[in-house]
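Report on one structure; see the data block that follows.
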């Protein structure tokens, strides 16, 4: 019995587990994409980074905009980082 493979209790449990894993992977991928945009991106005008940043909660968006402004002090702030643009 110790060497037997356990099977999921049902197909529903397996489907829920797979869906949860896909959700976690998606959130992790988008989170990493945003973090790399605000901390190490080559340009403040990356379309995907701007869109992700502007859809985040205000506290994360403000933090991201501050990082972008610190890294590109002479650039016009991207959409979502200027007052009234959310």
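The values are calculated or read from the model by the stated rules, or taken from the named source; none is laboratory data. A quick note: this is a predicted structure, and the numbers were derived from the prediction, not measured. All Cβ positions, even for glycine, are placed from backbone atoms using ideal geometry, and neighbour counts span all protein chains on display.
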For segment 4-20, does any single residue satisfy the condition of being modelled with pLDDT under 95, outside any helix (DSSP H, G or I) and surrounded by 13 or more Cβ atoms within 10 Å (Cβ to Cβ)?
no
Take residue 35 and decide whether it is part of a helix (DSSP H, G or I) and out of contact with any strand residue (DSSP E or B) (no Cβ under 9 Å at 6 or more places or on another chain).
yes
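Tell me whether segment 65-76 contains one or more residues that are touching a helix residue (DSSP H, G or I) at 6+ places or on another chain (Cβ under 6 Å), in a helix (DSSP H, G or I) and surrounded by 10 or more Cβ atoms within 10 Å (Cβ to Cβ). Steps first, answer last, please.
Initial filter on segment 65-76 (touching a helix residue (DSSP H, G or I) at 6+ places or on another chain (Cβ under 6 Å)): 67-68.
Going one step further and asking which of them are in a helix (DSSP H, G or I), we end up with 67-68.
Retained after the next criterion (residues that are surrounded by 10 or more Cβ atoms within 10 Å (Cβ to Cβ)): 67-68.
Yes: one or more hits.
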